[in-house]
1. Of the numbered conditions (1) free of Cβ contacts under 8 Å to residues at least 60 places away in the same chain; (2) over 29 Å from Ile156 (Cα atoms); (3) surrounded by 12 or more Cβ atoms within 10 Å (Cβ to Cβ), Ser91 satisfies every one except a single condition; which is it?
2. Within the range 335-344, restricting attention to residues that are assigned to a helix (DSSP H, G or I) and under 17 Å from Ile235 (Cβ atoms), which residue is nearest to the chain's Cα centre (by Cα)?
3. Consider Ile114 carefully, then state whether it is assigned by TED's automatic domain parsing to the domain that holds Leu68 and of a type in the set (Val, Ile, Thr).
4. Which of the residues belonging to the range 213-236 are under 16 Å from Met276 (Cβ atoms), of a type in the set (Val, Ile, Thr) and touching a helix residue (DSSP H, G or I) at 6+ places or on another chain (Cβ under 9 Å)?
5. Taking helices (runs of 4 or more DSSP H) that fall entirely within the range 276-334, which contain at least 2 residues that are within 18 Å of the chain's Cα centre (by Cα), among the aliphatic types (A, V, I, L, M) and assigned by TED's automatic domain parsing to the domain that holds Phe177?
6. Return the total of residues in the range 121-151 being within 22 Å of Gly32 (Cα to Cα) and either surrounded by fewer than 16 Cβ atoms within 10 Å (Cβ to Cβ) or more than 31 Å from the chain's Cα centre (by Cα) (or both).
Amino acid sequence: MSSAPSGEQTARMTRGRVASFFLDDHRYVLLGTSAAAFVGMLLSSSPRPAMSFLSQAFTVELVMYYLLVAWLVVSAVALVTKLAKWRDYASFSPFAKPAVRRALRYASYVVWAIVLVLFVDRAVMGVASAWNVAVAAASMADPKRPEPMLESMCYILYQGRDTFFTGLVTTVELAVFGTVIAFFLALLLVFARIQTIDRPDNDFVRFWKVVGSGFAKVYSTVVRGTPMMVQAMIIYYGVFGIFRMTSLTTTQINGIWTTFLAGLVTITLNSTAYMMEVLRGGIESVDKGQTEAARSLGLSQWQAMAKVVFPQGIKYSIPGLSNELVINIKDSSVLSVIGTFDLMFATTTVAGIYYQQFQTALISTVAYLILTMVASWLLGRFARRFDVRVEAVGSTSDTPVKVEE
(Lines give C-alpha, C1' and ligand atoms only; values in the text may rest on other atoms or scores of the structure.)
Protein backbone atom coordinates (compact mmCIF):
# COMPACT_ATOMS: atom_id res chain seq x y z
CA MET A 1 0.00 0.00 0.00
CA SER A 2 1.71 3.16 -1.20
CA SER A 3 1.59 6.35 0.83
CA ALA A 4 0.64 9.75 -0.56
CA PRO A 5 3.52 11.93 -1.76
CA SER A 6 4.87 14.45 0.71
CA GLY A 7 4.64 18.20 0.24
CA GLU A 8 8.28 18.37 -0.87
CA GLN A 9 7.76 15.62 -3.46
CA THR A 10 4.60 17.31 -4.74
CA ALA A 11 6.42 20.64 -5.13
CA ARG A 12 9.27 18.89 -6.90
CA MET A 13 6.92 17.27 -9.43
CA THR A 14 5.14 20.59 -9.97
CA ARG A 15 8.35 22.57 -10.57
CA GLY A 16 9.87 20.25 -13.13
CA ARG A 17 13.34 18.74 -13.44
CA VAL A 18 15.32 21.87 -14.26
CA ALA A 19 13.77 23.95 -11.48
CA SER A 20 14.16 21.10 -8.99
CA PHE A 21 17.85 20.79 -9.85
CA PHE A 22 18.44 24.37 -8.68
CA LEU A 23 15.83 24.66 -5.91
CA ASP A 24 16.01 21.30 -4.11
CA ASP A 25 18.57 19.94 -1.66
CA HIS A 26 19.69 16.85 -3.54
CA ARG A 27 22.82 14.75 -3.84
CA TYR A 28 23.91 16.28 -7.15
CA VAL A 29 24.39 19.86 -5.91
CA LEU A 30 28.09 19.27 -5.29
CA LEU A 31 28.67 17.27 -8.48
CA GLY A 32 26.76 19.50 -10.87
CA THR A 33 28.11 22.73 -9.43
CA SER A 34 31.65 21.33 -9.44
CA ALA A 35 31.38 20.78 -13.18
CA ALA A 36 30.20 24.38 -13.57
CA ALA A 37 33.05 25.60 -11.35
CA PHE A 38 35.59 23.75 -13.49
CA VAL A 39 34.17 25.37 -16.63
CA GLY A 40 34.38 28.74 -14.88
CA MET A 41 38.04 28.17 -14.06
CA LEU A 42 38.73 27.34 -17.70
CA LEU A 43 36.95 30.53 -18.77
CA SER A 44 38.92 32.59 -16.25
CA SER A 45 42.18 31.10 -17.54
CA SER A 46 41.36 31.96 -21.16
CA PRO A 47 42.59 35.24 -22.73
CA ARG A 48 40.43 38.30 -22.15
CA PRO A 49 38.74 39.72 -25.26
CA ALA A 50 39.06 43.36 -26.21
CA MET A 51 35.63 44.22 -24.78
CA SER A 52 36.13 42.37 -21.49
CA PHE A 53 34.57 44.25 -18.56
CA LEU A 54 36.76 42.31 -16.09
CA SER A 55 40.01 43.51 -17.62
CA GLN A 56 40.09 46.44 -15.18
CA ALA A 57 38.99 44.32 -12.20
CA PHE A 58 41.80 41.83 -11.83
CA THR A 59 41.37 41.55 -8.04
CA VAL A 60 37.66 40.80 -8.37
CA GLU A 61 38.29 38.08 -10.93
CA LEU A 62 41.05 36.61 -8.76
CA VAL A 63 38.64 36.35 -5.83
CA MET A 64 36.06 34.73 -8.09
CA TYR A 65 38.64 32.23 -9.30
CA TYR A 66 39.63 31.18 -5.80
CA LEU A 67 35.99 30.85 -4.76
CA LEU A 68 35.62 28.32 -7.58
CA VAL A 69 38.74 26.55 -6.35
CA ALA A 70 37.32 26.48 -2.80
CA TRP A 71 34.13 24.87 -4.06
CA LEU A 72 36.11 22.16 -5.82
CA VAL A 73 38.09 21.52 -2.62
CA VAL A 74 34.87 21.16 -0.61
CA SER A 75 33.48 18.81 -3.24
CA ALA A 76 36.67 16.73 -3.15
CA VAL A 77 36.45 16.44 0.65
CA ALA A 78 32.82 15.36 0.39
CA LEU A 79 33.77 12.76 -2.21
CA VAL A 80 36.61 11.35 -0.11
CA THR A 81 34.31 11.22 2.90
CA LYS A 82 31.69 9.32 0.96
CA LEU A 83 34.21 6.83 -0.40
CA ALA A 84 35.69 6.26 3.06
CA LYS A 85 32.34 5.93 4.84
CA TRP A 86 30.19 4.55 2.05
CA ARG A 87 27.70 2.64 4.19
CA ASP A 88 27.55 5.13 7.08
CA TYR A 89 27.70 8.28 4.99
CA ALA A 90 24.16 9.43 5.80
CA SER A 91 24.75 9.27 9.56
CA PHE A 92 28.48 10.04 9.70
CA SER A 93 29.15 12.78 7.16
CA PRO A 94 28.28 16.39 8.02
CA PHE A 95 27.54 16.94 4.32
CA ALA A 96 24.42 14.77 4.66
CA LYS A 97 22.82 16.95 7.33
CA PRO A 98 19.85 19.03 6.11
CA ALA A 99 21.31 22.35 7.32
CA VAL A 100 24.64 21.72 5.56
CA ARG A 101 22.92 20.59 2.36
CA ARG A 102 20.84 23.75 2.36
CA ALA A 103 23.93 25.89 2.95
CA LEU A 104 25.72 24.14 0.08
CA ARG A 105 22.77 24.80 -2.19
CA TYR A 106 22.87 28.52 -1.35
CA ALA A 107 26.62 28.54 -1.92
CA SER A 108 26.10 26.85 -5.28
CA TYR A 109 24.08 29.87 -6.39
CA VAL A 110 27.16 32.02 -5.86
CA VAL A 111 29.26 29.61 -7.91
CA TRP A 112 26.74 29.57 -10.75
CA ALA A 113 26.59 33.38 -10.68
CA ILE A 114 30.38 33.57 -10.94
CA VAL A 115 30.40 31.15 -13.86
CA LEU A 116 27.68 33.18 -15.58
CA VAL A 117 29.68 36.39 -15.20
CA LEU A 118 32.79 34.71 -16.58
CA PHE A 119 30.82 33.26 -19.48
CA VAL A 120 29.45 36.67 -20.42
CA ASP A 121 32.89 38.26 -20.09
CA ARG A 122 34.79 35.64 -22.09
CA ALA A 123 32.25 34.11 -24.51
CA VAL A 124 29.64 36.82 -25.14
CA MET A 125 32.11 39.70 -25.07
CA GLY A 126 34.50 37.59 -27.14
CA VAL A 127 31.91 37.21 -29.89
CA ALA A 128 31.09 40.91 -29.67
CA SER A 129 34.77 41.82 -29.96
CA ALA A 130 35.22 39.51 -32.93
CA TRP A 131 32.16 41.03 -34.59
CA ASN A 132 33.56 44.53 -34.16
CA VAL A 133 36.85 43.45 -35.72
CA ALA A 134 35.01 41.83 -38.64
CA VAL A 135 32.82 44.88 -39.28
CA ALA A 136 35.85 47.17 -39.14
CA ALA A 137 37.74 44.95 -41.60
CA ALA A 138 34.74 44.88 -43.97
CA SER A 139 34.38 48.68 -43.81
CA MET A 140 37.92 49.31 -45.03
CA ALA A 141 38.58 50.55 -48.53
CA ASP A 142 40.32 47.28 -49.29
CA PRO A 143 38.40 44.67 -47.21
CA LYS A 144 40.50 41.78 -46.00
CA ARG A 145 39.31 38.77 -44.04
CA PRO A 146 40.92 38.50 -40.57
CA GLU A 147 42.96 35.37 -39.92
CA PRO A 148 41.70 34.32 -36.43
CA MET A 149 38.90 31.81 -36.78
CA LEU A 150 36.18 33.62 -34.81
CA GLU A 151 36.89 36.96 -36.47
CA SER A 152 36.99 35.23 -39.84
CA MET A 153 33.60 33.59 -39.27
CA CYS A 154 32.09 36.92 -38.23
CA TYR A 155 33.60 38.56 -41.32
CA ILE A 156 32.16 35.89 -43.62
CA LEU A 157 28.75 36.17 -41.94
CA TYR A 158 28.75 39.94 -42.20
CA GLN A 159 29.85 40.05 -45.83
CA GLY A 160 27.50 37.25 -46.86
CA ARG A 161 24.56 38.30 -44.67
CA ASP A 162 22.25 38.93 -47.63
CA THR A 163 23.03 35.53 -49.13
CA PHE A 164 22.57 33.73 -45.82
CA PHE A 165 19.32 35.59 -45.10
CA THR A 166 17.87 34.71 -48.50
CA GLY A 167 18.73 31.05 -47.99
CA LEU A 168 17.34 31.11 -44.44
CA VAL A 169 14.00 32.56 -45.58
CA THR A 170 13.76 30.02 -48.40
CA THR A 171 14.44 27.15 -45.99
CA VAL A 172 11.68 28.32 -43.64
CA GLU A 173 9.23 28.78 -46.51
CA LEU A 174 9.94 25.33 -47.92
CA ALA A 175 9.61 23.65 -44.53
CA VAL A 176 6.45 25.46 -43.40
CA PHE A 177 4.50 25.45 -46.66
CA GLY A 178 5.61 21.92 -47.53
CA THR A 179 4.53 20.57 -44.15
CA VAL A 180 1.15 22.33 -44.18
CA ILE A 181 0.27 21.19 -47.72
CA ALA A 182 1.53 17.68 -46.97
CA PHE A 183 -0.77 17.49 -43.93
CA PHE A 184 -3.92 17.96 -46.02
CA LEU A 185 -2.69 15.53 -48.68
CA ALA A 186 -1.86 13.02 -45.92
CA LEU A 187 -5.43 13.31 -44.62
CA LEU A 188 -6.75 12.26 -48.02
CA LEU A 189 -4.26 9.42 -48.41
CA VAL A 190 -4.71 8.05 -44.90
CA PHE A 191 -8.46 7.96 -45.46
CA ALA A 192 -7.86 5.90 -48.58
CA ARG A 193 -5.20 3.82 -46.79
CA ILE A 194 -7.47 2.60 -43.98
CA GLN A 195 -10.50 1.84 -46.13
CA THR A 196 -12.00 -1.63 -45.74
CA ILE A 197 -14.78 -3.33 -47.62
CA ASP A 198 -18.13 -2.73 -45.93
CA ARG A 199 -21.13 -5.01 -46.35
CA PRO A 200 -23.49 -2.37 -47.87
CA ASP A 201 -20.87 -1.30 -50.46
CA ASN A 202 -21.68 -1.94 -54.10
CA ASP A 203 -19.11 -3.13 -56.64
CA PHE A 204 -18.21 0.40 -57.72
CA VAL A 205 -17.43 1.54 -54.17
CA ARG A 206 -15.54 -1.65 -53.40
CA PHE A 207 -13.41 -1.20 -56.50
CA TRP A 208 -12.36 2.33 -55.60
CA LYS A 209 -11.69 1.36 -51.98
CA VAL A 210 -9.30 -1.35 -53.15
CA VAL A 211 -7.65 0.99 -55.67
CA GLY A 212 -7.31 3.83 -53.14
CA SER A 213 -5.89 1.61 -50.41
CA GLY A 214 -3.46 -0.03 -52.82
CA PHE A 215 -2.30 3.31 -54.21
CA ALA A 216 -1.67 4.68 -50.72
CA LYS A 217 0.38 1.60 -49.78
CA VAL A 218 2.48 1.73 -52.95
CA TYR A 219 2.98 5.50 -52.61
CA SER A 220 4.15 5.16 -49.01
CA THR A 221 6.51 2.30 -49.87
CA VAL A 222 8.12 4.06 -52.84
CA VAL A 223 8.50 7.50 -51.24
CA ARG A 224 9.75 6.25 -47.88
CA GLY A 225 12.07 3.78 -49.58
CA THR A 226 13.96 6.30 -51.72
CA PRO A 227 16.13 9.30 -50.72
CA MET A 228 14.68 12.80 -50.98
CA MET A 229 17.70 13.88 -53.03
CA VAL A 230 16.87 11.34 -55.73
CA GLN A 231 13.21 12.34 -55.59
CA ALA A 232 14.13 15.99 -56.07
CA MET A 233 16.20 15.22 -59.15
CA ILE A 234 13.47 13.04 -60.67
CA ILE A 235 10.76 15.62 -60.02
CA TYR A 236 12.75 18.64 -61.22
CA TYR A 237 14.37 17.17 -64.32
CA GLY A 238 11.35 15.01 -65.13
CA VAL A 239 8.93 17.93 -65.22
CA PHE A 240 11.54 20.06 -66.98
CA GLY A 241 11.80 17.38 -69.66
CA ILE A 242 8.03 17.39 -70.11
CA PHE A 243 8.08 21.16 -70.62
CA ARG A 244 10.88 20.72 -73.17
CA MET A 245 8.43 18.77 -75.33
CA THR A 246 6.42 21.97 -75.78
CA SER A 247 7.34 25.07 -77.75
CA LEU A 248 8.56 26.89 -74.63
CA THR A 249 12.16 28.06 -74.49
CA THR A 250 14.51 27.18 -71.65
CA THR A 251 14.17 30.68 -70.20
CA GLN A 252 10.39 30.43 -70.23
CA ILE A 253 10.50 27.00 -68.62
CA ASN A 254 12.79 28.26 -65.88
CA GLY A 255 10.32 31.07 -65.23
CA ILE A 256 7.44 28.58 -64.82
CA TRP A 257 9.13 25.55 -63.27
CA THR A 258 11.47 27.23 -60.80
CA THR A 259 13.82 25.37 -58.49
CA PHE A 260 11.86 26.72 -55.52
CA LEU A 261 8.63 25.24 -56.87
CA ALA A 262 10.34 21.94 -57.58
CA GLY A 263 11.76 21.89 -54.06
CA LEU A 264 8.36 22.65 -52.56
CA VAL A 265 6.74 19.83 -54.54
CA THR A 266 9.51 17.46 -53.44
CA ILE A 267 9.15 18.25 -49.74
CA THR A 268 5.36 18.11 -49.98
CA LEU A 269 5.24 14.72 -51.67
CA ASN A 270 7.94 13.31 -49.41
CA SER A 271 6.32 14.53 -46.20
CA THR A 272 2.90 13.32 -47.31
CA ALA A 273 4.05 9.70 -47.15
CA TYR A 274 5.56 10.03 -43.66
CA MET A 275 2.68 12.08 -42.27
CA MET A 276 0.21 9.57 -43.68
CA GLU A 277 1.86 6.80 -41.66
CA VAL A 278 1.92 8.99 -38.53
CA LEU A 279 -1.80 9.69 -38.97
CA ARG A 280 -2.48 6.01 -39.56
CA GLY A 281 -0.65 5.16 -36.36
CA GLY A 282 -2.68 7.73 -34.44
CA ILE A 283 -5.95 6.47 -35.88
CA GLU A 284 -5.10 2.87 -35.07
CA SER A 285 -4.36 3.95 -31.49
CA VAL A 286 -8.02 4.82 -31.02
CA ASP A 287 -9.86 2.05 -29.22
CA LYS A 288 -11.73 -0.09 -31.75
CA GLY A 289 -14.63 -0.24 -29.35
CA GLN A 290 -15.41 3.39 -30.14
CA THR A 291 -15.75 2.58 -33.82
CA GLU A 292 -17.98 -0.38 -33.03
CA ALA A 293 -20.10 1.77 -30.73
CA ALA A 294 -20.49 4.40 -33.44
CA ARG A 295 -21.50 1.77 -36.00
CA SER A 296 -24.01 0.26 -33.55
CA LEU A 297 -25.65 3.69 -33.27
CA GLY A 298 -26.31 3.63 -37.02
CA LEU A 299 -23.33 5.67 -38.26
CA SER A 300 -21.78 4.62 -41.55
CA GLN A 301 -18.10 3.82 -41.88
CA TRP A 302 -17.42 7.31 -43.19
CA GLN A 303 -19.46 8.98 -40.41
CA ALA A 304 -17.76 6.93 -37.71
CA MET A 305 -14.35 7.88 -39.08
CA ALA A 306 -15.13 11.57 -39.55
CA LYS A 307 -16.94 12.17 -36.25
CA VAL A 308 -15.36 9.70 -33.82
CA VAL A 309 -12.04 8.23 -34.95
CA PHE A 310 -10.39 11.02 -36.99
CA PRO A 311 -10.54 13.78 -34.32
CA GLN A 312 -8.93 11.54 -31.70
CA GLY A 313 -6.43 10.06 -34.15
CA ILE A 314 -5.22 13.50 -35.24
CA LYS A 315 -4.80 14.55 -31.61
CA TYR A 316 -2.67 11.49 -30.88
CA SER A 317 -0.60 12.23 -34.02
CA ILE A 318 0.21 15.85 -33.17
CA PRO A 319 3.73 15.12 -31.77
CA GLY A 320 4.70 13.10 -34.85
CA LEU A 321 3.17 15.60 -37.27
CA SER A 322 4.96 18.45 -35.52
CA ASN A 323 8.22 16.54 -35.65
CA GLU A 324 7.92 16.43 -39.43
CA LEU A 325 8.37 20.21 -39.60
CA VAL A 326 11.69 19.95 -37.77
CA ILE A 327 12.74 17.14 -40.12
CA ASN A 328 11.84 19.23 -43.18
CA ILE A 329 13.92 22.16 -41.93
CA LYS A 330 16.97 19.89 -41.94
CA ASP A 331 16.15 17.73 -44.95
CA SER A 332 15.54 20.75 -47.19
CA SER A 333 19.32 21.01 -47.40
CA VAL A 334 19.37 18.22 -50.02
CA LEU A 335 17.41 20.43 -52.42
CA SER A 336 20.57 22.36 -53.23
CA VAL A 337 21.34 19.50 -55.62
CA ILE A 338 18.74 20.94 -58.03
CA GLY A 339 19.76 24.55 -57.40
CA THR A 340 17.13 25.55 -54.84
CA PHE A 341 18.52 28.62 -53.08
CA ASP A 342 18.07 27.38 -49.52
CA LEU A 343 20.41 27.78 -46.57
CA MET A 344 22.66 24.95 -47.76
CA PHE A 345 22.96 26.46 -51.24
CA ALA A 346 23.79 29.83 -49.67
CA THR A 347 26.46 28.13 -47.56
CA THR A 348 28.17 26.55 -50.56
CA THR A 349 27.94 29.85 -52.43
CA VAL A 350 29.66 31.84 -49.67
CA ALA A 351 32.19 29.05 -49.12
CA GLY A 352 33.12 29.27 -52.79
CA ILE A 353 33.82 32.98 -52.46
CA TYR A 354 36.17 32.80 -49.46
CA TYR A 355 37.39 29.20 -49.82
CA GLN A 356 36.48 28.56 -46.19
CA GLN A 357 34.20 25.53 -46.29
CA PHE A 358 34.69 24.60 -42.63
CA GLN A 359 33.88 28.04 -41.24
CA THR A 360 30.82 28.56 -43.45
CA ALA A 361 29.60 25.08 -42.49
CA LEU A 362 29.85 26.08 -38.82
CA ILE A 363 27.77 29.19 -39.55
CA SER A 364 25.04 27.16 -41.25
CA THR A 365 25.16 24.62 -38.41
CA VAL A 366 24.35 27.34 -35.90
CA ALA A 367 21.56 28.64 -38.17
CA TYR A 368 19.99 25.18 -38.57
CA LEU A 369 20.28 24.55 -34.83
CA ILE A 370 18.52 27.81 -34.00
CA LEU A 371 15.75 27.06 -36.51
CA THR A 372 15.12 23.56 -35.16
CA MET A 373 15.21 24.71 -31.52
CA VAL A 374 12.74 27.52 -32.18
CA ALA A 375 10.48 25.20 -34.16
CA SER A 376 10.61 22.53 -31.43
CA TRP A 377 9.74 25.10 -28.76
CA LEU A 378 6.80 26.51 -30.72
CA LEU A 379 5.50 23.06 -31.59
CA GLY A 380 5.84 21.97 -27.97
CA ARG A 381 3.63 24.86 -26.86
CA PHE A 382 1.18 24.00 -29.63
CA ALA A 383 1.01 20.36 -28.49
CA ARG A 384 0.47 21.31 -24.85
CA ARG A 385 -2.58 23.36 -25.86
CA PHE A 386 -4.17 20.07 -26.95
CA ASP A 387 -3.07 18.29 -23.77
CA VAL A 388 -0.70 16.05 -25.72
CA ARG A 389 2.63 14.74 -24.51
CA VAL A 390 5.46 16.73 -26.05
CA GLU A 391 7.76 13.80 -26.83
CA ALA A 392 8.97 13.38 -30.38
CA VAL A 393 7.39 10.55 -32.33
CA GLY A 394 9.53 9.01 -35.05
CA SER A 395 8.02 10.07 -38.34
CA THR A 396 9.58 7.12 -40.12
CA SER A 397 7.70 4.61 -38.02
CA ASP A 398 4.48 3.03 -39.22
CA THR A 399 3.63 1.54 -35.86
CA PRO A 400 0.69 2.87 -33.83
CA VAL A 401 1.43 5.90 -31.70
CA LYS A 402 1.58 5.08 -27.99
CA VAL A 403 -0.83 7.20 -26.01
CA GLU A 404 -1.87 7.35 -22.40
CA GLU A 405 -5.07 5.57 -21.57
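1. Answer for Ser91: the failing condition is (3).
2. Taking the range 335-344 and keeping what is assigned to a helix (DSSP H, G or I), we get 335-338, 343-344.
Next, only the ones that are under 17 Å from Ile235 (Cβ atoms) stay: 335-338.
On the way: Leu335: 20, Ser336: 21, Val337: 24, Ile338: 25 Å.
Checked the range 335-344; the qualifying residue nearest to the chain's Cα centre (by Cα) is Leu335.
3. Details: assigned by TED's automatic domain parsing to the domain that holds Leu68: yes; of a type in the set (Val, Ile, Thr): yes.
For Ile114, the condition - assigned by TED's automatic domain parsing to the domain that holds Leu68 and of a type in the set (Val, Ile, Thr) - is met.
4. Residues satisfying the conditions are Thr221, Val222, Val223, Thr226.
5. Details: elements: 288-296, 301-304, 310-331.
Helices (runs of 4 or more DSSP H) meeting the threshold: 310-331.
6. Residues in the range 121-151 being within 22 Å of Gly32 (Cα to Cα) and either surrounded by fewer than 16 Cβ atoms within 10 Å (Cβ to Cβ) or more than 31 Å from the chain's Cα centre (by Cα) (or both): 1 in total.
Here is a yes/no grid of residues against (1) farther than 30 Å from Pro148 by Cβ; (2) out of contact with any Gly (no Cβ under 6 Å at 6 or more places or on another chain); (3) touching a residue at least 24 places away in the same chain (Cβ under 8 Å):
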| site | (1), (2), (3) |
| --- | --- |
| Thr272 | yes, yes, yes |
| Ala293 | yes, yes, no |
| Met305 | yes, yes, yes |
| Pro319 | yes, yes, yes |
| Ala346 | no, no, yes |
| Val350 | no, no, yes |
| Val366 | no, yes, no |
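Yes/no matrix, rows are residues, columns are (1) more than 19 Å from Leu116 (Cβ to Cβ); (2) modelled with pLDDT of 80 or more; (3) in a loop (DSSP other than H, G, I, E, B); (4) not assigned by TED's automatic domain parsing to the domain that holds Val124:
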{"residue": "Ala19", "(1), (2), (3), (4)": "no, no, no, no"}
{"residue": "Val39", "(1), (2), (3), (4)": "no, yes, no, no"}
{"residue": "Ser44", "(1), (2), (3), (4)": "no, yes, no, no"}
{"residue": "Met51", "(1), (2), (3), (4)": "no, yes, yes, no"}
{"residue": "Leu54", "(1), (2), (3), (4)": "no, yes, yes, no"}
{"residue": "Leu67", "(1), (2), (3), (4)": "no, yes, no, no"}
{"residue": "Leu72", "(1), (2), (3), (4)": "no, yes, no, no"}
{"residue": "Val77", "(1), (2), (3), (4)": "yes, yes, no, no"}
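The values are calculated or read from the model by the stated rules, or taken from the named source; none is laboratory data. Nothing here was measured: the structure is a model prediction, and the numbers come from that model. With ideal geometry, Cβ positions are generated from the backbone for all residues, glycine too; neighbour counts draw on all protein chains shown.
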